[in-house]
Structures are given as structure tokens and as C-alpha cells.
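As C-alpha cells, the structure follows; a few thoughts come after it.
The values are calculated or read from the model by the stated rules, or taken from the named source; none is laboratory data. Remember, predicted model here, so these are calculated numbers, not experimental data. Because the Cβ atoms are built from the backbone with ideal geometry, glycine has one as well, and the counts that use them run over all protein chains shown.
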Amino acid sequence: MNQNPHLRPSKTAILLLNLGTPSAPTPKAVRAYLKEFLSDPRVVEIPRVIWWCILNGIILPIRSGASAKKYASIWLPKLGSPLMHYSRLQAKELGERLAIQGHTILVDLAMRYGRPSTQEVLEGLKAQGMERLLLVPLYPQYSATTTASSFDEVFRVLGGWRDQPELRLVKHYHDHPAYISALRDQVLSAWENDGNGRPDFSKGDRFILSFHGLPKRNLMKGDPYHCECLKTGRLLGESLGLEPGQYMVTFQSRFGKAEWLKPYTAPTIEKLGKEGCRRIDIFCPGFPADCLETLEEIAMEAREIFLEHGGKDYHYIPCLNSNPKWIEALDQIASQHLLGWPLGSESEAELIERDQRAELAKARIA
């Protein structure tokens, strides 16, 4: 068959986008990752010259070693970064699910920072004949700091291509029924598998939904993230049959002195412990894959805070990870945005016809 790149089978691709992770739990690797991450103007909206001095003179020298120790505490034996492991697994299982349905769709994963980089993955998809591209961020709630930044990087790469693919974007799915159903299934499964079962809300137990925080100024400038987190929390609470006072939406990972989205997760947990709350169940709906912020900050640090201030029973519910309901949700979300696009390989007859048309075109040019 003619190997002219214009005669390759025309393929549809789904690219899952996630934030990224250091390549190793070492100060050197963490420093390289943090430098790329914190140098993004979408993430830190401070004048570049001022921020460059703060980042390189204070944050990176101090934070790299401390963060490396935290990464080491959650690194998976033989598997490495939990975020990378589960994100790759999600891409693999989504691709397998689509293949079972008879679709020939390329499915891959790219990280905004670190590897696999957006550029290298896009180049790989291009080499496989990608002509149509659907971007699916692994950020259910839209934010300029995550979703927009990942889109920016895709646009930057495609901006250098002469022959660009058709492009579609999934902006958010914070209230998608399949996503909410997957969250509900993850929580109920955790309660079913837990020896103590479902929390006894009549005795004051609490269910905490912790989302990654953002500076409050992002909200005031029009970022919809805060509102989307609240809606996800409400829909999940309702799907579990909970009353508003039985669950709480909080925000974690606060950094710096500026005011961030409230209520803050750690102080809320401390306050509940002091007030006599015996049991807390905590879940992070905004993180489809477990990572440093969930496994170290919430599963470890927050547990210590609660127990040290009078709490008795602390339950961390893992992220969606490879829950089959979550893979099903990704399928449904992607399929809605793929409508009208070819989802299979071209037939041999179609390829022969394309080859014949190309030969006729060459003759006309000659």
C-alpha cells in the first residue's frame, strides 16, 4: 500500500489530560517538576520578575527536599507515582472498553508538566494517522489553572503544525450524571467494604468532600471552579441521600498568605475533632486519580489532625482510580463529544479509492 502520509487510515483520537508528577521521589526530580509547574502564569498570577525571584530564591530551594520526602511516602513499589499509574490505567481501560464496542480510536495520556509531555504524545498520535482529536481533561471541575492551562499547551503544540487535526474539547463534567454515579459507587463501595459500614449521621458523623483550593481572587475574576465544586458536592450528597448538614465541601492545599477558597479542609477537621465529632469520612471528588494531595495530605496529615484533636474514627475513601463505573463515565462523556466523527478504521475499499484519487491529483499537477 502507498505509504504517502496523506493516504494513511484517518483516525480519531482521545487524549486524556492530567496535571503531572515528578519522575522520581527525589529532590532533583521534584525541583524540576515544581519549577515547570509553578512557572506557569496560569497557576501563579504574580508579575513574572517578582515571582521568578520568589520561586528560584525561596520556594524551590526549600520546598523541593520537603516535597520529595512526601512523595516518597506515597510512591508505589514497582509502579512509581500513583497519579501516573492510575492515569495510565484509565487511558488503557478506556481504550479497551471502546475496542470491545468495535471502535478503532486512539486513546492516550499526556501530562501538562513533566512526562509524557503534551508535545511528545501529540506527535505520537499524529504519526499514527490522527485526523480528529478530542481532549478530555482529568479535571472534572473547570479552572483556568488546570483545564485552560492544559488546553493552552495543546494549542501551542498544534500551532506549529502545518496540517492540524479537527479538534474538540470537553470543558467540564462536574455535574454529568455518569460522573456523579461513579462517585456515588466509589463511596458506597468503600462503606460496604468497611467493617464499620456507613457512618451514623444521627450521632453526628460527618462526610467531608475535599477539593483542591484556589486563591479567592480567581473566583472574583470569574473562574467557575468554586461554583462547580459546590454543585458536584450537592449532587453527590443528594445521590447518597444525605442532608446538607451531614456533608461538607471544603478546600485543601492552601499555599501562601493570600485568602483561598473556604472553608479550609485542615482547620475544619480540627474543629470537628474539638467539638466531639467521633467519625469523619473524607473523599476527594475533584481528583479522579489518587496523588500526593490525596494520599499524603488527606489520608495521612488530615488523619493525624483529627485524631490529635479528639476525633476517634477517620476514614479516607480512595479516589475513583480504576473503578469500572468511572471508566464507563469517561466512555459516556467522550462518546457524547464524539458524535458525528468516524469511530472505526477505513475499509480496504475506501483506502483504495483514496489512493486512486491521489494518483489522479498527481496527474493533474504534473
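The table below gives the values:
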| quantity | calculated |
| --- | --- |
| Among (1) hydrophobic (A, V, I, L, M, F, W, C); (2) under 25 Å from the mean Cα position of the chain (by Cα); (3) at pLDDT 95 or above - the single one L343 does not satisfy | (3) |
| Among the candidates G222, G245, G233, residue that is in a helix (DSSP H, G or I), within 23 Å of the chain's Cα centre (by Cα) and outside the structural domain of K126 (by TED's automatic domain parsing) | G233 |
| Residue selected from the stretch 113-122 under the condition free of Cβ contacts under 8 Å to residues at least 12 places away in the same chain and of a type outside the set (G, A, S), by the criterion nearest to L83 (Cα to Cα) | P116 |
| R112 vs. criteria under 18 Å from the mean Cα position of the chain (by Cα), more than 29 Å from L242 (Cβ to Cβ), outside the structural domain of R234 (by TED's automatic domain parsing) and not polar (S, T, N, Q) | yes |
| Residue in the stretch 262-278 that is in contact (Cβ under 8 Å) with a residue 60 or more places away in the chain, at positive phi and in a loop (DSSP other than H, G, I, E, B) present | yes |
| Residue match in the stretch 95-107 (condition: touching a strand residue (DSSP E or B) at 6+ places or on another chain (Cβ under 7 Å), assigned by TED's automatic domain parsing to the domain that holds A329, in a strand (DSSP E or B) and not aliphatic (A, V, I, L, M)) | no |
| Lone unmet requirement of (1) surrounded by 14 or more Cβ atoms within 10 Å (Cβ to Cβ); (2) at pLDDT 95 or above for M220 | (1) |
| Per-region count, the stretch 289-316, residues touching a residue at least 12 places away in the same chain (Cβ under 8 Å) and part of a helix (DSSP H, G or I) | 15 |
| Extreme residue, surrounded by the most Cβ atoms within 10 Å (Cβ to Cβ), among residues of the stretch 265-300 that are among the polar types (S, T, N, Q) and more than 21 Å from D194 (Cα to Cα) | T265 |
| Matching helices (runs of 4 or more DSSP H) fully within the stretch 1-91 where at least 3 residues are modelled with pLDDT of 95 or more, crowded, with 18+ Cβ neighbours inside 10 Å and within 22 Å of the chain's Cα centre (by Cα) | 27-38, 60-74 |
| Long-range neighbours under 6 Å by Cβ, at least six apart or interchain, first residue without any contact (Cβ under 8 Å) to a residue 60 or more places away in the chain within the stretch 129-152, second surrounded by fewer than 21 Cβ atoms within 10 Å (Cβ to Cβ) | none |
| Yes/no for K271 being farther than 30 Å from Q90 by Cα and within 23 Å of the chain's Cα centre (by Cα) | no |
| Index of the failed condition, R112 passing every other in (1) at pLDDT 95 or above; (2) touching a helix residue (DSSP H, G or I) at 6+ places or on another chain (Cβ under 8 Å); (3) more than 26 Å from L167 (Cβ to Cβ); (4) surrounded by 13 or more Cβ atoms within 10 Å (Cβ to Cβ) | (3) |
| Selected residue [basic (K, R), free of Cβ contacts under 8 Å to residues at least 12 places away in the same chain and in the same structural domain as C227 (by TED's automatic domain parsing)] from R198, R206, R162, R184 | R198 |
